[in-house]
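The values are calculated or read from the model by the stated rules, or taken from the named source; none is laboratory data. The model shown is predicted, which means the values in this text are computed figures rather than measured ones. Counting neighbours? That spans all protein chains shown, and the Cβs are built from the backbone with ideal geometry, glycine included.
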């Protein structure tokens, strides 16, 4: 073994085993996502066509067929989202770096995601309550926020042990806050930072499935909007995931600040504007005499030359 190590060329760059393993895992997920997404897309198209035909002529569609179509819709949608998550494992940072911003009501978006999540996992889902005083509208990427909210709510359903889940959406002048709280198994303090990384899990694989990408995707989406995500939790006491998002992009915030400062300068009285109407300081009589003497000496020197 020692002789084998001595044969290594020091000029060849080395790659750590950890980095190489992560790259192989990412490449495998992207390849698998490509292979799975193609038949899933075809099946989704056929499903949508079948559902449309059954809705046009419901009398000829038996009840059991409609129920089966609903199950197919849920499971194929789950596979499609799984493929998207696998793509995000490799390209998540690049995709979320330039979000396509538009006015989005975060409250309405969360309610839609809750309805979708309950429909996909009705057996294990407890009661979900959404609290909000009114619309919370900001300039965000809708698809990114939908994915972020979906994974946070899915996480609460998975680890909430069937207990009620509370979601709160509120806003201040500068930011919006989303809180997803469950009362399930909780998370140890030493895992609070780790769970937002790719492929990281704080639960045994034998008991819970998944790729360990949901919280990573939520973290990347929040960061791409200039926001942040954190968790407050202890083992056995449930978990609260807190997301803070700016209501406007940073450029718009700076522009608003500049407009406010300019308007405040215009509203000041003329004598209070610094640097605009500065008066020259008044000189004493002695200073005036000294200045006159200096001028006379200067003129004499010019005549002598």
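For the reader, a short list of remarks on this structure follows.
- Filter result (crowded, with 17+ Cβ neighbours inside 10 Å and modelled with pLDDT under 60) within segment 72-100: 92, 95, 96
- Pairs are defined by a Cβ separation below 9 Å, a sequence spacing of at least 6 or placement on different chains, a first member in segment 44-62 that is modelled with pLDDT of 80 or more, and a second member that is exposed (fewer than 10 other Cβ atoms within 10 Å of the Cβ); the pairs so defined are 54/60.
- Selection of segment 120-130 for residues being modelled with pLDDT of 70 or more and out of contact with any helix residue (DSSP H, G or I) (no Cβ under 7 Å at 6 or more places or on another chain) yields 126, 127, 129.
- Residues that are in contact with a strand residue (DSSP E or B) (Cβ under 6 Å, 6 or more places away or on another chain) and buried (at least 21 other Cβ atoms within 10 Å of the Cβ) within segment 139-152 comprise 140, 152, listed in sequence order.
- Residue within segment 205-226 that is under 18 Å from residue 107 (Cβ atoms) and at pLDDT 95 or above present: no
- Test: residue in segment 158-177 that is touching a helix residue (DSSP H, G or I) at 6+ places or on another chain (Cβ under 7 Å) and assigned to a loop (DSSP other than H, G, I, E, B): no
- Members of segment 136-163 found to be over 11 Å from the mean Cα position of the chain (by Cα) and closer than 21 Å to residue 228 by Cα, listed by number: 136, 137, 138, 139, 150, 151, 152, 153, 154, 155, 156
- Here residue 190 passes the criteria (1) closer than 20 Å to residue 224 by Cα; (2) in a helix (DSSP H, G or I) except the one numbered (1).
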